[in-house]
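S.K.: Let me begin by handing over the structure; questions about it come next.
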Amino acid sequence: MRRAAGRAAFRAAAMTLPICLGDAWRQAAGRIERLDARLLLEHVCGCKQADLIAHPERALSEAQADRFEELLARRAAGEPFAYLVGSAWFCGLEFAVDPAVLIPRPETELLVDLAARRAATLDGPRILDLGTGSGIVAVTLARRFPQARVTAVDASAAALEVARANAARHGVAVRFLEGDWYAPLADERFDLIVSNPPYVADGDPHLSSNGLPFEPRDALSDGITGGDGLACIRRIVAAAPRHLKPGRCLLMEHGYDQAVEVRKLLAASGFSETASWRDGAGIWRVSGGRRPPGAE
Ligand code: GLN
């Protein structure tokens with residue numbers, strides 16, 4: 001009886017012993033990817049990779065040890081790394097993210113590059129970003145074009161909160177509006193419209209893997225409005241002529257198999273110079289077109 005009590009006390013004492021960087025590293029082994037483990041440990045302890053190597057005996061505070069174990073468990077359960085650390089990189093800038101917004105994808109850099117090429121030819125362009133989410137596209141363009149006037153719309157108030165914080169973090173003035181696509185814009189017209197809308201079809205098996213279940217479903221898929229992956233793109237294209245000055249362009253990111261269909265939608269709405277571009281993985285990822293210069 002006494003011995004059992006003694007062992008329990010010893011175990012309790014051992015559990016409260018401070019753990020060190022080396023212990024924490026071993027604790028992660030086999031549970032998550034080594035790179036993720038290292039970056040999470042650096043995030044929690046505010047240390048560098050060199051510290052892990054040179055000072056494995058350095059103690060974690062109790063709060064750090066608890067936090068590390070919590071993040072380890074969440075990562076092991078598939079939660080995306082960006083949500084655990086609350087940020088992600090896009091076009092060389094670090095952005096705040098939380099589960100109210102999609103995590104930036106490298107393929108969206110193509111949308112920004114194509115938009116930047118057009119913005120560079122215009123003097124103080126008025127740019128519209130539809131479905132801005134964390135604001136990465138609007139903020140990156142506002143950073144690159146200080147003379148541009150950038151408006152960003154999103155239907156989610158929680159997403160706009162993240163986007164506003166990102167604009168402040170990068171020192172740019174973006175006008176953020178809450179609403180459904182063009183709804184908050186009355187008859188305003190722009191020199192460039194860009195969008196990375198939800199385009200994954202409802203029921204696409206992709207939605208249940210790679211951490212996507214942790215991301216906002218209505219930012220990924222148009223399941224609630226149509227379900228074939230093109231519902232939001234149809235709405236954006238159909239009303240674009242009313243909000244785009246003649247001779248100006250619309251650019252949209254879309255799914256790997258949607259380029260032909262998106263170009264058809266653009267042509268049906270009177271766009272000329274319709275084209276698609278491949279992302280870094282060779283996938284047709286962005287399509288766009290120009291409102292004819294002679295249009296009303
Ligand atoms: N490219 C993302 C994915 O396939 C989807 C982004 C989006 O729906 N806009 O995970």
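S.K.: Which of 48, 264, 245 moves most in a GNM of the chain, Cα contacts under 10 Å?
M.R.: Top of the fluctuation ranking is 48.
S.K.: Here's a follow-up. Computed from the mean reciprocal separation of all distinct C-alpha pairs, what Kirkwood hydrodynamic radius does the chain have, in Å? Mind dumping the intermediate values first?
M.R.: Details: mean 1/r = 0.0470 Å⁻¹.
So the Kirkwood estimate lands at 21.3 Å.
S.K.: Would you please give the residues with an amide H less than 5 Å from that of residue 90, counting only those at least 5 places away or on a separate chain, with H modeled from the backbone geometry?
M.R.: Counting only residues 5 or more places away or on other chains, the set is 95.
S.K.: With a 10 Å cut-off between alpha carbons and a GNM built on the chain, which of 284, 89, 25 moves the most?
M.R.: Its mean-square fluctuation being the largest, the pick is 25.
S.K.: Additional query: Would you mind putting 50-58, 163-171 in packing order, based on average other-beta-carbon counts within 10 Å, highest first?
M.R.: On the way: 50-58: 12.6, 163-171: 17.8.
Per-residue mean Cβ counts within 10 Å order the peptides as 163-171, 50-58.
S.K.: Select from 236, 283, 136 the residue whose mean-square fluctuation is largest in a Gaussian network model of the chain (Cα-Cα springs shorter than 10 Å).
M.R.: Residue with maximal mean-square fluctuation among 236, 283, 136: 283.
S.K.: Convert each backbone phi in region 196-212 into a coupling constant with the Karplus relation 6.51 cos²θ - 1.76 cosθ + 1.60 (shift: θ = phi - 60°), then list the ³J(HN,Hα) values in order as whole Hz, x for Gly and Pro.
M.R.: 10, x, x, 9, 8, 5, 4, x, 4, x, 3, 5, 9, 10, 6, x, 4
S.K.: Moving on. Convert each backbone phi in region 53-59 into a coupling constant with the Karplus relation 6.51 cos²θ - 1.76 cosθ + 1.60 (shift: θ = phi - 60°), then list the ³J(HN,Hα) values in order as whole Hz, x for Gly and Pro.
M.R.: 7, 7, 10, x, 7, 5, 7
S.K.: Tell me the mean residue ellipticity at 222 nm calculated for the chain from its helices only (DSSP H runs of n ≥ 4, each -39500 (n - 2.57), averaged over every residue, nearest 500). Kindly include the intermediate steps, with their values, before the conclusion.
M.R.: Numbers: 12 runs with 122 residues, N = 296.
Computed ellipticity for the chain at 222 nm equals -12000 deg cm²/dmol.
S.K.: Using a ≥ b ≥ c from the Cα gyration tensor of region 183-296 (square roots of the eigenvalues), is it rounded, prolate or oblate, where a/c under 1.5 gives rounded and otherwise the larger of a/b and b/c decides, a/b for prolate?
M.R.: Working: a/c = 2.34, a/b = 1.65, b/c = 1.42.
It is prolate, given that a/c is not under 1.5 and a/b is the larger ratio.
S.K.: Next question. Taking the Cα centre of region 139-185 as the origin, how large is its charge dipole in debye, to the nearest 20, when only Lys and Arg (+1) and Asp and Glu (-1) carry charge on their Cβ atoms? Don't skip to the answer; put the middle values down first.
M.R.: On the way: 6 positive and 4 negative charges, 74 e Å.
The dipole magnitude comes to about 360 debye.
S.K.: Let me ask something else about it. Using the Karplus equation 6.51 cos²θ - 1.76 cosθ + 1.60 (θ = phi - 60°), what ³J(HN,Hα) coupling, rounded to whole Hz, does each residue of region 179-194 give in order, writing x for Gly and Pro?
M.R.: Values per residue, Gly and Pro as x: x, 8, 6, 7, 3, x, 9, 6, 9, 4, 10, 10, 8, 7, 10, 10 Hz.
S.K.: Amide H of residue 244: which non-local residues (sequence gap of 5 or more, or other chain) have their own amide H closer than 5 Å, using H built in the peptide plane?
M.R.: Correct list: 190.
S.K.: Considering the dipole of region 228-296 built from charges on the beta carbon (Lys and Arg +1, Asp and Glu -1) around the Cα centre, which of 258, 243, 231 is farthest to its positive end?
M.R.: 243
No lab work stands behind these numbers, since they all come straight from the coordinates. Not measured: the values here are computed from a predicted model. As a convention, Cβ positions derive from the backbone with ideal geometry for all residues, glycine included, and neighbour counts pool all protein chains shown.
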